[in-house]
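See below for the structure under consideration.
The values are calculated or read from the model by the stated rules, or taken from the named source; none is laboratory data. The model shown is predicted, which means the values in this text are computed figures rather than measured ones. We place every Cβ from the backbone using ideal geometry, glycine too, and count neighbours over all the protein chains shown.
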Amino acid sequence: MMRVIFASLMVATALSDDSLDELKDVIKLEDDCADPGLELLQYHSTKKSASQQAPLTAPAEVERMRLCAPDRMLDFGAATVLHSNLGGHGPDSGDENLVYGGVLDGIDLVVTAISHYTPNDINPSGGVLHNGEHLGFGVINIASGSHVDLLFKFVYHASGEGVVMPPFVFALFDSDQGFAHESRETYTVKGFNSYRLRDDSDVSVEMLSGHGHATFTSTLRGGKSDNPLSPSSLTKLQEKRMVSLLFEDVSAFHLTLGEVGYANPQGRNVFFSGSSTLVCGEEAKCSAITCPAGMHQRTYAEFVACGSKPCSSADVPICCYQEEPIADPIVAKE
């Protein structure tokens, strides 16, 4: 009860171009109090029968659809931002879109604003300069007090023609809000087959009419200190503020971003990715491996992912390096 009351007194904004310092102790308290044993729920949005669904909670189904296979996960960290001029706001010129090259082998993702788009223009070092990629996430900046309808379309890199995708996961992160009690962040998604949240999620859901159509809304304030640093390594609090969506046999989908009710004008950065710890679990990190004699773990091993899960001997070259032999001072003099 104290956690809920205390969390409601938070006055830290979510990641923004001009946000104030956050109440880190509040966030830490909420994170530490989370129950690691809480189960996760699957929510279906289609009219298919349960036997036709592909539940994101069922490991056998996740494996069957290869949702966590490296060649099936949208990889924004490995992608290249080929063009950035969403809504005609730059910084590039030409086509008014945002293009991620190589989200999968030979496939690009083109994001286009199909309604008026307002990025933050208060901070000259923020706004559309944030559009692109950061720490393995795709990022789109939006001004508070606005919303934008976006079309995400997959195309072949070589031809630019649309491509119908095999089943894939698209995840949205860091759903939180700012100072004002009325402030909210909303993601309205259309075209998905099912979605997954923690059962103790901080995100509220409103199902809308039509196939795979829902609005996901923030319910609690947040700050920079609780922003995720990797799509594949999240705290419990960060998992509570994300949603994973399953798409099947689509070449495009719609996402509407909304930021309303903020006390002061600011920018908000929306994070998304193709991988999700809710579906695939955390990556195995090099910090879990024991290096052979004569070798040491690499610097920042806790941030380096193994190629296998769990880490195995095949990951030794990735995670370990050879010790330099120590010269015998007597021999050296001779």
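Within segment 213-227, can you find the residues that are of a type outside the set (S, T, N, Q) and at pLDDT below 90?
First, pick out the residues of segment 213-227 that are of a type outside the set (S, T, N, Q): 213-214, 216, 220-224, 226.
Those that are of a type outside the set (S, T, N, Q) and at pLDDT below 90: Leu220, Arg221, Gly222, Gly223, Lys224, Asp226.
Taking the residues in segment 246-274 that are of a type in the set (S, T, N, Q) and buried (at least 17 other Cβ atoms within 10 Å of the Cβ) as candidates, determine which candidate is farthest from Thr215 (Cα to Cα). Walk me through how you get there before you give the answer.
Start the filter on segment 246-274 by keeping residues that are of a type in the set (S, T, N, Q), which leaves 251, 256, 264, 266, 269, 273.
So of that shortlist, the ones also buried (at least 17 other Cβ atoms within 10 Å of the Cβ) come out as 266, 269, 273.
Details: Gln266: 22, Asn269: 18, Ser273: 18 Å.
Among them, the one singled out is Gln266.
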